[in-house]
Structures are given as structure tokens and as C-alpha cells.
1. Hey, does region 310-332 have a residue that's surrounded by fewer than 21 Cβ atoms within 10 Å (Cβ to Cβ), over 21 Å from ILE384 (Cα atoms) and within 21 Å of the chain's Cα centre (by Cα)?
2. Determine whether ALA146 is open to solvent by less than 60 Å² (accessible area, probe 1.4 Å), farther than 23 Å from ALA190 by Cβ and free of Cβ contacts under 8 Å to residues at least 12 places away in the same chain.
3. Among the candidates THR126, THR141, which residue alone is of a type outside the set (A, V, I, L, M, F, W, C), modelled with pLDDT of 95 or more and open to solvent by 30 Å² or more (accessible area, probe 1.4 Å)?
4. Does at least one position in region 320-331 carry a residue that is closer than 22 Å to SER160 by Cβ, modelled with pLDDT of 95 or more, of a type in the set (D, E, K, R) and outside any helix (DSSP H, G or I)?
5. Can you tell me which residues in region 189-213 are assigned to a strand (DSSP E or B) and in contact with a helix residue (DSSP H, G or I) (Cβ under 6 Å, 6 or more places away or on another chain)?
6. How many residues does region 108-133 contain that are aliphatic (A, V, I, L, M) and either touching a residue at least 60 places away in the same chain (Cβ under 8 Å) or on the phi > 0 side of the Ramachandran plot (or both)?
7. Condition check: surrounded by fewer than 18 Cβ atoms within 10 Å (Cβ to Cβ), β-branched (Val, Ile, Thr) and out of contact with any strand residue (DSSP E or B) (no Cβ under 7 Å at 6 or more places or on another chain). Does THR281 satisfy that?
Amino acid sequence: MTHDPFSRWDLTPVINASGTMTGIGAARVPKDIRRIVNGILASFVNMDELQSRAGAVIARLTGAEAGCVTSCSAAAMVQTVAATLTGCNLARIEALPAVTGARRVLLPAGHMVNYGAPVDQAIRLTGAEVIPIGTAAACETWHLEAALEEGAAAAFYVVSHHTVRENEMPIDVFIALCREHDVPVIVDMASEYDLTGPIAHGASVAIYSGHKFLSGVTSGIVAGAAELIRATYLQHFGIGRVMKAGKESVTGAMAALESWEERDHEAAGMEEDARVASWITELAPIPGLTLSRHDDWTGNPIRRARIDIDAGSAGFHAWELADRLRRRSPSIVVRDDLVERQEIYLDPCNLTDDEARDVSAAIHEEAARFRACGDGCRTSWSDIKRARAVSAVSWSGHAS
């Protein structure tokens with residue numbers, strides 16, 4: 001019996017040129033982290049003790065008083081908000097989502113984004129009431145101050161390329177105003193590299209994904225004030241039980257943090273720069289494509305190749321190219337957040353050099369096929385939007 005999951009269960013291999021996306025398994029986990037996780041899988045451990053050790057590692061790397069590990073960053077959103085509603089009162093923890101007392105959670109309107117599910121839904125799962133602050137493109141200090149004067153159990157701030165950046169309230173201003181009203185601030189940093197910034201600004205809690213830039217196994221990392229972290233961890237007596245973190249998640253998060261601490265970030269950056277430079281050189285001759293280097297939207301030290309597509313000259317739309325690449329075997333997944341603007345991004349962080357070359361070759365092949373067959377520019381963006389709902393519900397629990 002083969003131990004290769006791809007041949008054993010007839011899975012399509014994926015070349016990941018999109019970054020750390022949950023839909024394709026997030027990150028490529030390095031051998032050193034896999035060894036540590038494997039070392040605990042066949043053993044038993046006191047989970048309270050393990051979480052305490054994790055808290056020490058998290059505190060050291062973030063500058064927080066304490067920390068704990070959840071099953072993922074989405075679970076961390078739920079559990080940290082729940083903690084602000086219940087404190088360490090076990091009766092209140094067991095009663096959720098029934099809430100007595102303050103239940104308003106403030107959230108900038110431009111931060112009510114979808115990361116695969118709506119941010120506000122994660123908050124509402126606790127029984128809290130989400131109070132949007134300002135409008136999508138205008139979150140001003142007076143909007144927040146007016147909401148704070150009416151009272152709040154907590155305030156939530158999202159750092160992500162998904163948020164509306166136009167007239168966005170800076171994180172330091174948001175935290176400072178909330179602190180003036182003694183309202184705890186939870187900052188979602190799931191995919192962000194800055195491990196110390198939110199706590200340094202005075203955030204009560206900062207949330208990170210253990211399986212995105214840290215390249216660990218699926219987990220959520222919570223750093224913050226000691227009493228609020230204790231209340232977050234105690235949610236496993238209540239709604240946190242349905243999203244509990246196992247021993248592999250906790251050790252994987254600890255190993256990922258320590259690996260990050262020891263990583264040669266300069267060398268990794270140089271490797272990524274080289275892949276981006278190669279893409280720009282190799283793909284520039286394709287008609288209708290304009291290549292450039294792209295720096296990350298939120299300031300993470302990530303380099304990407306940006307491809308702007310002139311559909312008239314190229315003979316295909318950006319979304320058609322992304323779809324053709326995805327349908328190949330191995331499947332090639334590119335970053336298509338802004339595909340409706342005829343933009344595609346290639347992210348090198350989870351690729352080998354050979355895979356990066358495969359991506360270039362595949363784009364050349366698909367572009368040539370479009371030109372030869374003349375079957376591009378057949379699908380509009382409106383067609384794609386209409387088809388998404390059908391695609392989302394087409395999954396079945398068996399092979400077709």
C-alpha cells in the first residue's frame with residue numbers, strides 16, 4: 001500500500017504560485033517543523049501544560065504578556081471575542097451565545113471583509129452584536145468616538161489586503177481611542193508578518209495564522225494581555241470546544257514560531273527576488289502581457305510578479321488564463337484577487353525553482369494555445385460572477 005496520498009487517493013497535485021491560500025493547503029511545511037509535529041503524534045501530553053509552554057514562546061516573540069494556540073485564526077477570532085464577553089467566568093462561558101451585559105463589538109465598516117467567510121460572522125457566533133464604524137471608504141475618529149461613548153465590550157481591527165484602504169483609520173489611532181474608553185482591541189493579523197507591532201501599539205490581543213507566513217500546520221496563534229488570554233483559552237469549556245486545537249496544532253505553532261525566529265530572512269528574500277526577476281524576463285515577450293515587480297499591499301516583505309493583461313492584444317482575459325492554468329495537471333494556482341481588473345500575480349514564497357520555471361512554461365503554453373485556437377475573450381466578468389454561486393455549491397462528498 002502506497003504512502004503517497006496523491007497516488008493513493010487520486011489527488012491532483014498543485015503548483016502554488018498564489019501564496020499562502022487556505023483553499024490549496026496554505027503553506028509548504030518545512031522538514032524541521034514536520035519532524036517536531038511527528039514527534040508528538042504517537043505520544044500523549046498534558047494539554048494545559050503544552051498550552052502554557054506555547055504561551056511562553058508566543059509571549060517571547062510578540063512582546064505580549066501571554067499567549068495560547070487555537071485550531072486556526074478564524075477560531076481565534078471567535079474565542080477572543082467570546083473572552084471579552086465572559087471573562088474567566090465559567091458559567092458565562094457555558095452560557096454563550098446567550099450574553100448578558102455588554103455585547104457590542106465595534107468593527108470598521110471597511111474591515112467587514114470576507115477571508116473565505118465573513119469576519120462579522122465570526123464575531124456574531126459568540127452572541128455579540130457587530131457595530132459597523134463609519135462607511136467602507138470613510139472611517140473617521142468621530143465615528144469611532146461616538147460608538148465608544150455608547151459603550152462596547154470590544155473593538156475589532158483587521159490588517160489585510162482585503163480591507164478597504166481608502167481613508168482607513170490607522171491602527172495606532174484606532175487602538176489609542178479605544179484604550180481611552182477602556183475598550184479592549186482585538187487585531188486580526190492572520191497573514192501579516194509583523195509579530196510585535198499590534199502589541200507595541202497597545203492592542204489587547206493579536207491573532208496570527210500558524211499556517212500562513214509561518215509555514216506551520218493548521219493553527220491560530222493568540223498573543224495578548226494575560227487575563228484576556230486566560231479567558232480565551234477557557235473557551236474550550238464552551239463554544240471553543242467545537243474548534244479545539246490538538247497536540248499537533250499546538251506543537252506545530254510553537255515549532256513554526258521558533259523556526260521563524262531562526263530563519264535567514266535575507267536569504268529567503270533573495271531567492272524570491274530571483275524567481276520574480278526570472279518571471280518578468282521570461283513572460284515579458286508574450287503579446288498583451290505587461291510584467292512588473294509588485295510589493296505587498298500591507299507592507300509585508302513579499303515580492304510578486306504582477307501581470308497586467310491587455311485582452312485585446314493577448315486574445316484572452318485574465319480570468320480565462322487563471323482558469324486554464326488551474327485546470328492543468330499539475331494544477332497551477334495563481335493569485336487572482338484582482339483578476340477583474342485584468343491583473344494576475346505570481347507569488348514565489350511556496351515554490352521551488354523548478355516549479356517557478358514550470359509556471360512560466362505553462363503560461364507560455366496557454367497563451368500560445370489561446371492565440372492558435374482563437375477561443376479567448378469568450379467569458380465576461382459578469383459570466384464569472386454569475387457562475388461562482390453554482391461552483392461554490394457543486395462540491396459533493398464523493399468522486400465524480
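1. no
2. Judged against the criteria, ALA146 is a match.
3. Answer to the selection: THR141.
4. Checked region 320-331: no residue is closer than 22 Å to SER160 by Cβ, modelled with pLDDT of 95 or more, of a type in the set (D, E, K, R) and outside any helix (DSSP H, G or I).
5. Answer for region 189-213, where residues must be assigned to a strand (DSSP E or B) and in contact with a helix residue (DSSP H, G or I) (Cβ under 6 Å, 6 or more places away or on another chain): VAL205, ALA206, ILE207, SER209.
6. Selection size over region 108-133: 2.
7. Against the criterion (surrounded by fewer than 18 Cβ atoms within 10 Å (Cβ to Cβ), β-branched (Val, Ile, Thr) and out of contact with any strand residue (DSSP E or B) (no Cβ under 7 Å at 6 or more places or on another chain)), THR281 qualifies.
Every residue, every condition in (1) part of a strand (DSSP E or B); (2) at pLDDT 95 or above; (3) of a type outside the set (D, E, K, R); (4) open to solvent by less than 10 Å² (accessible area, probe 1.4 Å), yes or no:
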site: ILE40; (1), (2), (3), (4): no, yes, yes, no
site: LEU50; (1), (2), (3), (4): no, yes, yes, no
site: VAL78; (1), (2), (3), (4): no, yes, yes, yes
site: THR84; (1), (2), (3), (4): no, yes, yes, no
site: ALA98; (1), (2), (3), (4): no, yes, yes, no
site: GLY101; (1), (2), (3), (4): no, no, yes, no
site: LEU106; (1), (2), (3), (4): yes, yes, yes, yes
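The values are calculated or read from the model by the stated rules, or taken from the named source; none is laboratory data. Given the structure is predicted, the values throughout are model-derived calculations rather than measurements. Cβ atoms come from the backbone with ideal geometry, glycine included; neighbour counts cover every protein chain shown. Please note that ligands, DNA and RNA were not included when accessible areas were found on the heavy atoms of the full protein model with its side chains. Shrake-Rupley method; radii C 1.70, N 1.55, O 1.52, S 1.80 Å.
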